[in-house]
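Accompanying notes for the structure given below.
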Amino acid sequence: MNAHLLFPHRDFDQDESLRSMMCGYRDARQALEHQLSKHERALIQDLELNVLFDSMANGDEFLFEVARKVILAGSSNDVETVRYRQQVLKDCLNNAEVLRSLYSVTVEAIEETRKMQWSVSNYEHPASVLYCAIEILEVLSGKLRKLRLIGEEHAVRFESKAFRALFTMLQQELSDEYLATIEGHLEEVKFRKGILLSAELDSHNEGENYTLRRSTKEEPGWLKRIFGKGQRDFTFYIADGDQAGAEFLGDVRRRGIGRASMAIAQASEHVLDFFRMLRTEVGFYQCCLNLYDRLVAQGSKACVPEPINAGKRKHQFCGLYDVCLALQRSHCVVANTVNADAKDFVLVTGANQGGKSTFLRSIGVAQLMMQAGMFVAAEAFEAELCPAVFTHYKREEDAAMKSGKLDEELARMSDIAERIAPNAMILFNESFAATNEREGSEIARQVVSALLEKRIKIFYVTHLYTFAHRCWERFREQALCLRAERDADGKRTFRMIEGEPLETSFGEDLYRQVFETARSEPSEERERAALVQRSGRHVVTNFK
């Protein structure tokens, strides 16, 4: 049985640490953290993705890991996979309660069998393994029946190929007759009436080839058992205290049911794997529902993006906003509309604190959400898929650094250069500004030139005017230059408009905002001086 809710022809790649976390192991979260690559850690830090994952998980630690794993793995998806997930997500949004019911059943199945799973994996005695596996299958058969009933009741409301295939499989393969047969077999292998075995003697007159047999003898009714004179069973008894005889019969029993216990344990693990996979895949869409409900509640918009094949240089959007900022502030934030079609390089300059970094973050998060098959925080969004998304943001001083900030930036850029491939996307935020204007501009220019030669898609936020001006002159045909909008009075609108780089970032606006405001507001010292003067005392003050 397969879920196939995330990929058309295969299941999601569920690693052992995620399975362990599902079983409640405490060290599973640390294992998942350890698996993150350097560039994935940078993505999470620079784009503030943990804010997104927290909202998707809604307090559920397992869902947090599912959201993180699926979104970070989205860069490997093609257009077919993205659209396949979009259809599934549409069904989920239209049938939210049904999806929650499906997820609830998978959680119940795994939680109710958790201790039994531990027993199966730790017992060596075939009889113990057998009985634990039987208990697991009895629980799971009831959960399979629940899944089938949900499908029978609601299948007509789903339109995606994935859900139709899932519900059809549940109805065809899990009929009442089939489940009753399973329950009958499980009752039979409990061996309430004893065990029938056959064996052969080897050359040393020792038993071999022990085989479990099904008894063909019909069970007589109660009248026949009382009054009948059927053939007597051949029976022998072990004397009290005959430890050797008891051990011998125990060994015969273990050999006889060993293969049966192994087969039933494998069957229980197979059904459990189906529930684990279903929980993971349904869990991702549960994460999407949690996020969508949060955005709708605060009045923010979301849309289904249009994915384009990599290399087409399509990238345009209307009303795009930083979803992580909106989630942190719990209200709508300023959105931007940009058309960067046929552009390899988007250069963002302009006023300090004008929303450039926020805009850059909205680009990266939207790309990851689209490639994971999710909706996007915008009114409309169309973009090509990228085989990878990288970030290169400035870092604050770190006492643990063994070299200077510029050396650290160059080392990170070198690591990215070794891994980046054509049509990938890289987001620069104030990179190479840790040195002087001339040197920083030259380093940035050479890096950008090399990346553009390799067909890398670049978004670059910078205050380096020399670098920005040279790029504007040299790459004008393949570049789009945006500027953080500033009103005549210095007010920031936090919108990006097309415009060539300016020589100033209007830092004086921030100076006046901070210091002139402080000067215009009476301080406690001024009030005290005024009070003393009014009281007739001589006070010497020097205010500037």
### Task
Output the number of the condition that H463 fails; it satisfies all remaining conditions of (1) modelled with pLDDT of 85 or more; (2) exposed (fewer than 15 other Cβ atoms within 10 Å of the Cβ).
(2)
### Task
Answer yes or no as to whether R114 is among the basic types (K, R) and closer than 21 Å to H4 by Cβ.
no
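Applying the selection to segment 293-311, what residues are outside any helix (DSSP H, G or I) and either farther than 20 Å from D91 by Cβ or in contact with an Asp or Glu (Cβ under 7 Å, 6 or more places away or on another chain) (or both)? Working first, answer last.
First, pick out the residues of segment 293-311 that are outside any helix (DSSP H, G or I): 298-311.
Across segment 293-311, the qualifying residues are Q298, G299, S300, K301, C303, P305, E306, I308, N309, A310, G311.
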#### Entry: Identity of the residue in segment 366-420, farther than 30 Å from N94 by Cα and aromatic (F, W, Y), that ends up modelled with the highest pLDDT
F390
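Only one of these is loosely packed, with under 12 Cβ neighbours inside 10 Å and either under 24 Å from Y321 (Cβ atoms) or at pLDDT 90 or above (or both): D487, D509. Name it. Walk me through how you get there before you give the answer.
On the way: D509 fails: loosely packed, with under 12 Cβ neighbours inside 10 Å.
Among D487, D509, only D487 is loosely packed, with under 12 Cβ neighbours inside 10 Å and either under 24 Å from Y321 (Cβ atoms) or at pLDDT 90 or above (or both).
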### Task
Working only within segment 308-329, note down all residues that are under 24 Å from the mean Cα position of the chain (by Cα) and closer than 18 Å to K454 by Cα.
N309, A310
### Of all residues making up segment 324-351, the number that are in contact with a Leu (Cβ under 6 Å, 6 or more places away or on another chain) and polar (S, T, N, Q)
1
### Summary
Taking segment 221-271 and keeping residues at pLDDT below 70 and assigned to a loop (DSSP other than H, G, I, E, B) leaves G221, G228, K229, G230, Q231, R232, D233, F234, T235, F236
## Note on the structure
Of the conditions (1) surrounded by 14 or more Cβ atoms within 10 Å (Cβ to Cβ); (2) modelled with pLDDT under 90; (3) closer than 22 Å to A3 by Cβ, the single one that G151 does not satisfy is (2)
### Task
For segment 19-29, indicate whether the set of residues that are buried (at least 21 other Cβ atoms within 10 Å of the Cβ), modelled with pLDDT under 90, in a loop (DSSP other than H, G, I, E, B) and not hydrophobic (A, V, I, L, M, F, W, C) is non-empty.
no
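Each row is one residue, and each column tells you yes or no for (1) under 22 Å from L482 (Cα atoms); (2) among the aliphatic types (A, V, I, L, M); (3) in contact (Cβ under 8 Å) with a residue 24 or more places away in the chain.
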| residue | (1), (2), (3) |
| --- | --- |
| L289 | no, yes, yes |
| I308 | no, yes, yes |
| Q328 | no, no, yes |
| C332 | no, no, yes |
| N336 | yes, no, yes |
| G355 | yes, no, yes |
| S362 | yes, no, yes |
| A372 | no, yes, yes |
| A378 | yes, yes, yes |
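Here's the yes/no breakdown for (1) buried (at least 23 other Cβ atoms within 10 Å of the Cβ); (2) in a strand (DSSP E or B); (3) acidic (D, E):
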position	(1), (2), (3)
L291	yes, no, no
H331	no, no, no
V346	no, yes, no
S362	yes, no, no
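The values are calculated or read from the model by the stated rules, or taken from the named source; none is laboratory data. Here the structure is a predicted model, which is why all the values come from computation and not from measurement. Neighbour counts run over all protein chains shown; Cβ positions are idealised from the backbone, glycine included.
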